[in-house]
Each structure stands twice: as structure tokens, then as C-alpha cells.
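The values are calculated or read from the model by the stated rules, or taken from the named source; none is laboratory data. Nothing here was measured: the structure is a model prediction, and the numbers come from that model. Every residue, glycine as well, gets a Cβ built from its backbone with ideal geometry; the counts of neighbours run over all protein chains shown.
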Amino acid sequence: MGAMRSFFILLLLALIGAGVYGYFNNPSACRKLGTEVAADLTTIFTPGSGTAPPAAPPTSDKTPSATGTADTTAQPKVWKQGFVTETDPQPAAPDTQPATPAPAAQPIALDTHQVYQDSDFSNFDDALDASRKRHRPVVILFTGSDWCPYCQSQESEVISTGPFEQYKNSHFVFMVVDDLRNTTMLDDEKARVTTLEQQFHITEFPTMVVVDSTRKELGRVEGYAPGSGLAGVESDLNKYLGN
């Protein structure tokens, strides 16, 4: 151990001597060399000492922009089976085309063809229309149900009975014109009754007028004998069937 120390002392003295010699010949180089030698000797004689290697400069995956600044825009990622595999595709541009409106619902065409049931008519034009469709003559009964005793007898003995209901519904279009005198009537209804009475020249009650679909009168049955019943009325009307 002592011999090694002596060796280093002699080495040091030699170096010092060389340094003195070199200093006078090249002072700046000697100062640099002396500094480096001193640092090396300090490292050797200091236990556990050592210089750590310089840290590597931080790296960046950012590509400098044209102006020299780093691009800090985060890149979108997509996940596939738990791993980042590729960048997101660019979002599709929104569809700016206006939505095509659904075609408007077409109105349902209603069947305006009128189907007449077996019932008594009060409107003459409707009765004539039913006559053309059924190919039957129209029987117009002019009556006075609230004042005429013969009309009331005919109503109870014939008109309101089931057999006559079946008879008229099988052979005629039946219409009633009731000239009420003890019952208040609406003005338009009173005018309708008066117009038909004048059109067919009604002078007696009850009167049945038989017409075809062209308004042509085929015949009429005037008056009613109480007690004569259904047979007499049917006999009078059968004369106009088939005309």
C-alpha cells in the first residue's frame, strides 16, 4: 500500500513538472489539461464517486410545424379488440339535403251512391230517384192525419198494418204528404206540402196519386170508405203495376 502511494506521489510530481514546463510553452493548453487531470484524480481517490451519464434529451413524437412549433393536436384513436390500431376516420359531413316530405295522403273517395231502404219518402226528388233505381212507380198519399176522419180511418185500417207495409214495399215507392192543420208546421215544410198539392190538383183527402219516374201521372185513388180495408186499396193500386 505504501509503495503504491509513493508511486502516485512520484507520478503527481512528474505531472506537475510537466505542467510547469508546458505552462511556460502553452499556458492555455496546460490549464485545460490540468483541470481534466485534477478531475480524473478526484474521481480515483474518492470512494463510490462517479458521474452519471448525461440524460438523453427528451424525445417527442410531435412533428414540428412549418413555423417551428410542435403540433400539439391530439390524434383521434379507434379501439379494436382492446388495442389502439389506427386513427379514427374523419367524420362524415352532415347530410345537408332536405328530407323528402312523405306524399300527402290521398283523400278516400266516398261512394255517394244512395241506397234507399224500404221506407216512406217525404222528398219528391228522392222518391223519383228511388223509382228509377227500383223500376217501380211512386204512390203519393195526400192525407190530413190530425183533422181528416177518413184519413185517420185509412191510416189505422190499412196504411199502418203489416200486410200493407209488405205490399207497398214490394211494388211501389211510397211517399206521404201530410197536410197538418191542427199542428204547427215549419214554414219550409208547409211550403213543400202546398206546392205538391197544387202540382197534382188535390181537392179531396185522402188521395193516392200514382206517377212514374218521369213525374208522369199514371192514375189516382180518391177517398176512403171506412171499413173497406186492405183489399179495396190493393185492388185500386194493382191497376197501375207494370205501367
Unmet criterion (only one of (1) in contact with a helix residue (DSSP H, G or I) (Cβ under 8 Å, 6 or more places away or on another chain); (2) assigned to a loop (DSSP other than H, G, I, E, B); (3) not charged (D, E, K, R)) for Thr184 | (1)
Can you name the condition, by its number, that Ser170 falls short on among (1) touching a Cys at 6+ places or on another chain (Cβ under 9 Å); (2) assigned to a helix (DSSP H, G or I)?
-> (1)
Which of (1) surrounded by fewer than 16 Cβ atoms within 10 Å (Cβ to Cβ); (2) among the small types (Gly, Ala, Ser); (3) touching a residue at least 40 places away in the same chain (Cβ under 8 Å) is the odd one out, the single condition Gly144 does not satisfy?
-> (1)
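Condition check ((1) within 60 Å of the chain's Cα centre (by Cα); (2) surrounded by 15 or more Cβ atoms within 10 Å (Cβ to Cβ)) across all residues:
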{"residue": "Ala130", "(1), (2)": "yes, yes"}
{"residue": "His135", "(1), (2)": "yes, no"}
{"residue": "Met175", "(1), (2)": "yes, yes"}
{"residue": "Pro206", "(1), (2)": "no, yes"}
{"residue": "Val211", "(1), (2)": "yes, yes"}
{"residue": "Val233", "(1), (2)": "no, yes"}
Would you check which residues across region 201-216 are without any contact (Cβ under 8 Å) to a residue 24 or more places away in the chain and either over 18 Å from Tyr240 (Cα atoms) or not assigned by TED's automatic domain parsing to the domain that holds Gln154 (or both) and list them?
-> His201, Thr203, Glu204
Being in the same structural domain as His135 (by TED's automatic domain parsing), hydrophobic (A, V, I, L, M, F, W, C) and either modelled with pLDDT under 95 or under 54 Å from the mean Cα position of the chain (by Cα) (or both), is that true of even one residue in region 160-173?
-> yes
Could you say whether any residue in region 178-185 is in the same structural domain as Leu230 (by TED's automatic domain parsing) and under 24 Å from Leu230 (Cβ atoms)?
-> yes
